[in-house]
Structure formats: structure tokens, C-alpha cells
Amino acid sequence: MLPVLSKGKHRNARKGACFMEFASYLAGERWSDHPSCTHPLLAAVARLVNDAISDERRPRLAPLVPSVIGVDSDDPRMDVHITLRVAQTALPVASAERQRVLAVALLSAERILDELDHRPAGTLTQRSREALDKVPVAARWAYDFAEGEQTTMKGFQRYAAPTAVRCAVEGVANACVADPDALLHELLELTIADCARLVEPRGSTDPARWADACRLTGTVSA
């Protein structure tokens, strides 16, 4: 029996599979929603999107599952770019309270990137600048809050990045937009693409397993 994408954690494939459990299956790893084949923060994005998206749209995530296998790295830029992507995507549509959290996380990520890439202090990527421009009140609050604060890589990875990921996915899922499911799908797809550009993927997908999985979900023709 092959797993079918569904919400939550599952004991085995007969009960269904979340996005990362499906990845562990395709990678040939022990059944787990925290497989070693994927960066932990990227895996967190996938699990949260899997649970936040509607039952009707969840099967459309299946073609993305192989793309997370082998995408892992000790490079701290991975955490930074994941945080930037989720914050930039969610900021314009999230509630005011979440916008503050996301704006602070975005500024923290940019500060870390200043150090890692030896950029001038206070540099902002174009996407970050555009996202902050759309939420001027939250941006001003975040700048005031972050003034004088020290951002360490350890603290960023342990607290700021996971908080930003959770807040971003919840913000998109609850946003007053026409199609939050489409935005959740795009968020995961773009985050995976950002991470893939930072690493040389390790591991592989069993072609037979993936072909069977696609036929089961109906996402790809046999």
C-alpha cells in the first residue's frame, strides 16, 4: 500500500502520509516526518503547509515531494533564505500582529546575511524592501524594536527562524485573500527552489516508487 497525502502525523503508510513522511518513504528512509534527507527548517515549512492547506488542494503538493529529498546543508544561509522567503511572502497578507513578528524576523535575517556575505550593515534585498514597503506600520515598529538588538546565528536558528516559519504559514492560511491554498503552494514551491540553489542535492528518489505514487494521487499520468 502506498501513502496518500493527508493532514497530521501518521503511524504508517496505511494511515496516510504528511508531506515529509511521503519524502521519507520515497527516499527509502525509516518512516518519519523528520527524515534526515531534508534540511530541518525546510521540512518544517513542508509539514506546516501540508497541514494548513485544504484537503481538496493537498494532493497537488505531491509532485513537490521528490524535490526536498537530498536538500540539506550545514550552511547557515539555508536558514536565512528560508526565513526571508516565508517572511517576504506572508508579510503583505498576514494579520497586523503577525506582520510585526515577520518584519522583525525579516530584519534579523537580513542582518545575519550582512555578516555571512560581508555586506554593508543595513543592506536589504529587493524582495525584503518591497515586502516592508507594503506594511509601513509594521516595518516602523520592527525597526524600532530591532534597534540595538544583537542578532546571533545560534539564537536566529533556534528561535527567530522557526517562529517566522510558523507565523508565516499561519498568516497565509488565515489571510483574507482569494485563494490562500494557491499562496501556500507557491510559498512551499519557492522555498524549496531557494534551498535547492544553495546545495548540491544528496540522495535520490526510487523511480518506481515515485511513478506508483503519482499514479495513486492522480497528479501525473501513468
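The values are calculated or read from the model by the stated rules, or taken from the named source; none is laboratory data. No experiment lies behind these values; they were computed from the predicted model shown. Backbone-built Cβ (ideal geometry, glycine too); neighbour counts: all protein chains shown. Please note that ligands, DNA and RNA were not included when accessible areas were found on the heavy atoms of the full protein model with its side chains. Shrake-Rupley method; radii C 1.70, N 1.55, O 1.52, S 1.80 Å.
Once fully extended, how much extra length lies between Trp141 and Arg57, figured as 0.36 nm per residue of separation less the alpha-carbon to alpha-carbon distance?
Here the answer is 26.7 nm.
Roughly how many percent of the accessible protein surface of the range 1-140 is carbon and sulfur, given a 1.4 Å probe and a whole-percent answer?
Working: 3100 of 6190 Å².
Accessible surface attributable to carbon and sulfur in the range 1-140 totals 50 percent.
Which value results for Rg/Rh of the chain when Rg is the Cα radius of gyration and Rh the Kirkwood radius based on the inverse mean 1/r?
0.99
Ignoring ligands, DNA and RNA, how do Val93, Val137, Val169 rank by accessible area with a 1.4 Å probe, largest first?
These residues rank, largest area first, as Val137, Val93, Val169.
Kindly rank 146-155, 35-44, 172-181 from highest to lowest mean number of other beta carbons found within 10 Å of each residue.
35-44, 172-181, 146-155
Leaving out same-chain residues fewer than 8 places away, which lysines sit with a Cα under 19 Å from that of Lys154?
The qualifying lysines are none; the list is empty.
Rounded to the nearest 10 Å², what accessible area does Glu189 show when all protein chains are kept and the probe is 1.4 Å?
Result for Glu189: roughly 90 Å² accessible.
Starting from 0.36 nm per residue, how many nanometres of slack lie between Arg197 and Leu116 once their C-alpha separation is accounted for?
Fully extending the segment from Arg197 to Leu116 adds 27.5 nm.
Where in the range 18-51 does the amide nitrogen come within less than 12 Å of the point 7 Å from the Cα of Arg158, taken along Cα to Cβ?
Within reach of a label on Arg158: no residues.
Before anything else, pin down the relative contact order of the range 44-114: Cα pairs under 8 Å, at least 6 apart, normalised by residue count, whole percent.
27
Using alpha-carbon pairs under 8 Å, 6+ residues apart, how would you state the relative contact order of the chain in percent?
Values: 338 pairs, mean separation 62.9, N = 222.
Relative CO of the chain lands at 28 percent.
Sort Leu91, Leu183 by accessible area with a 1.4 Å probe, largest first.
Details: Leu91 0, Leu183 35 Å².
Correct descending sequence by accessible area is Leu183, Leu91.
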